[in-house]
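Note sheet for the following structure.
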Amino acid sequence: MKTTIAKVGKHVGQAVTIGAWLANKRSSGKIAFLQLRDGTGFIQGVVVKAEVGEDVFKTAKELTQESSIYVTGVVREDERAPSGYELTVTSVEIIHEAIDYPITPKEHGTEFLMDHRHLWLRSKRQHAIMKVRNEIIRATYEFFNEQGFAKVDPPILTGSSAEGTTNLFHTKYFDEDAYLSQSGQLYMEAAAMALGKVFSFGPTFRAEKSKTRRHLIEFWMIEPEMAFMDHEDSLKVQEDYVTHVVQSVLANCKQELAALQRDTSKLEKIVAPFPRITYDEAITMLQKDGYEIEWGEDFGAPHETAIAEKYEKPVFITHYPAKIKAFYMKPDPQREEVVLCADLIAPEGYGEIIGGSQRIDDEELLKQRYDEHNLSEEAYRWYLDLRRYGSVPHSGFGLGLERTVAWMCGVEHVRETIPFPRLLNRLYP
């Protein structure tokens, strides 16, 4: 009976066949221990010479790392095993023998591993990270579908930018200038005016020459947009969404979090509501802690980390100065120099994972912002139309997937949180 490692628990005491790769092996005289993986998980296969005979034992003992095999054996319960099961092997059939696999159990440098990213993904740690990433994506669709959002796909090639054309990848679209999208938000606002509550999930691109552990050139964003919702409504959706995703990962990725040695007690505390402080309060807090920062300056990674350290949950920083935020953010009616926005800062030094705001819904004010930001009214005419024909209060936000994966996995650098990272000096593999 063919099965997968993830499903062996259904076949305790039965003989099964699994297509697998040899992740590692060790032997002690008359017993060989095969560390097997098949993409769904990892399991140990035990080969006892006295039970399988000379030929099978010789094949098992001579297997090379990452060779592909069909392995047949009886499923046994084993409390010591991470999966709770072990395979007592009865036969091994080689599909393909791997020779001189470059990533060995010894330590390798980061650049070497990045050059072999196509193979590094096979390791237990990288497998665990990718499974957590997958669960975050699954839980994202689950949350927004249950909340009545429609999935909408904004274009990747655009003629304009969500936040101006700085730090964008430029290309030619036949005879026109075009850019790789840095956000689908403007298009999601149009979609919200048609469908009410929408979300997108897709790649975004920033041509920032940054080498920090938090930045990628190409990354994935979840961007919900909601008609008839104000800033407060949006914050509630954000904290409910993050809570749902974290709790889903805790429930469905126990083995992966254990493989990553993640302290899950910290994630278990992530339940809405989240604390909120204003930008003003954050500045005062930082100044008291000895940071040289003035009102009107944006926060860097050290500032975000210092603020996050005071909380066990993600913290919203709200009401930033209009001058350091995007042109489309709605001013606070009570105080027009700040906008109705919030950044959600993850605990443990992982920085901003969400940026969101209530959007400007007044045509004249948006025109004024076009002038202030030197934006072409011709290029953004369609966006202005949203304020001309049935404008409503609306809000939205964007969550960066890779930073969220890094935080939930406890991974230091975002380059491990995406299958094939694009970094400042890396376009291979």
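Evaluated with a Cβ-only charge set (Lys, Arg +1; Asp, Glu -1), the stretch 183-310 carries a dipole of roughly 640 debye about its Cα centre, given to the nearest 20. For the stretch 53-211, the dipole from Cβ point charges (+1 on Lys and Arg, -1 on Asp and Glu) about the Cα centre works out to 400 debye, to the nearest 20. Largest first, the residues Leu344, Leu365 sort by 1.4 Å accessible area into Leu365, Leu344. Let a ≥ b ≥ c be the square roots of the eigenvalues of the Cα gyration tensor of the stretch 121-203; is it rounded (a/c under 1.5), or, if not, prolate (a/b larger than b/c) or oblate? Cα axes put the stretch 121-203 in the oblate bin. Rounded to the nearest whole Hz, the Karplus-based 3J(HN,Hα) values (6.51 cos²θ - 1.76 cosθ + 1.60, θ = phi - 60°) of the stretch 222-238 follow the sequence 9, 10, x, 9, 9, 6, 6, 10, 8, 4, 5, 4, 5, 4, 5, 4, 4, with x at glycine and proline.
Taking Trp120, Trp21, Trp295 as the candidate residues, the one with maximal mean-square fluctuation in a Gaussian network model of the chain, Cα springs under 10 Å, is Trp295. Where in the stretch 34-74 does the label zone of Glu93 land, with the point 7 angstrom along Cα→C-beta and an amide N cut-off under 13 Å? Correct set: 69-73. Quick one: angle between helix 279-288 and the longest Cα principal axis of the chain, in degrees between 0 and 90, rounded to 10, please. Here the helix axis deviates by roughly 70 degrees.
Heavy-atom surface analysis with a 1.4 Å probe gives the chain a carbon and sulfur content of 49 percent of its accessible area.
The amide H of Thr204, built 1.01 Å from its N in the peptide plane, has Phe219, Trp220, Met221 as neighbours under 5 Å, considering only residues 5 or more places off or on other chains. Counting only heavy atoms of the protein chains and using a 1.4 Å probe, Leu113 has close to 20 Å² of accessible surface.
Name the residues of the stretch 294-322 whose amide N is less than 20 Å from a point 7 angstrom out from the Cα of Lys236 along the C-beta direction? Hits in the stretch 294-322 for Lys236 at 20 Å: 314-319. Shape class for the stretch 141-276: oblate, because the ratio a/c of the largest to smallest gyration tensor axis (alpha-carbon atoms, square roots of eigenvalues) is 1.5 or more and b/c is at least a/b. Along the axis of the charge dipole computed for the chain (Cβ charges of +1 for Lys and Arg, -1 for Asp and Glu, origin at the Cα centre), the listed residues Ala406, His116, Ala50 are led at the positive end by Ala50. Each label was represented as a point 7 Å from its Cα along the Cα-to-Cβ direction; for Asp385 and His373 these points are 1.9 nm apart. Across the stretch 121-132, computed HN-Hα scalar couplings (Karplus, 6.51 cos²θ - 1.76 cosθ + 1.60, θ = phi - 60°) run 4, 6, 5, 4, 5, 5, 4, 5, 4, 5, 5, 5 Hz from first to last residue, x flagging Gly and Pro. Just to verify a number: FRET efficiency for Met285 and Asp175, C-beta to C-beta distance, R0 = 45 Å, to 0.05? That gives a FRET efficiency of 0.30.
Projecting the Cα atoms of Phe144, Pro154, Leu195 onto the charge dipole of the stretch 118-224 (Cβ charges, centred on the Cα centre) puts Phe144 farthest toward the positive pole. Please work out the C-alpha center-to-center distance from the stretch 182-233 to the stretch 64-134 and express it in whole Å. The two parts, judged by their Cα centres, are 36 Å apart. Look at (i) 49, 22, 21; (ii) 58, 32, 18; (iii) 41, 27, 20: the one that is semi-axes √(5λ) of the Cα gyration tensor in Å derived from this structure is (i).
Charged neighbours of Phe199, selected by a Cβ distance under 13 Å, balance to -4 (K, R count +1; D, E count -1).
Summing Cβ point charges (Lys, Arg +1; Asp, Glu -1) relative to the Cα centre of the chain gives a dipole of roughly 1960 debye. Here Lys323 and Gln247 are evaluated by their C-beta separation; at R0 = 35 Å the FRET efficiency comes out at 0.40.
The values are calculated or read from the model by the stated rules, or taken from the named source; none is laboratory data. These numbers come from a predicted model, not from an experiment. Cβ atoms come from the backbone with ideal geometry, glycine included; neighbour counts cover every protein chain shown. Please note that ligands, DNA and RNA were not included when accessible areas were found on the heavy atoms of the full protein model with its side chains. Shrake-Rupley method; radii C 1.70, N 1.55, O 1.52, S 1.80 Å.
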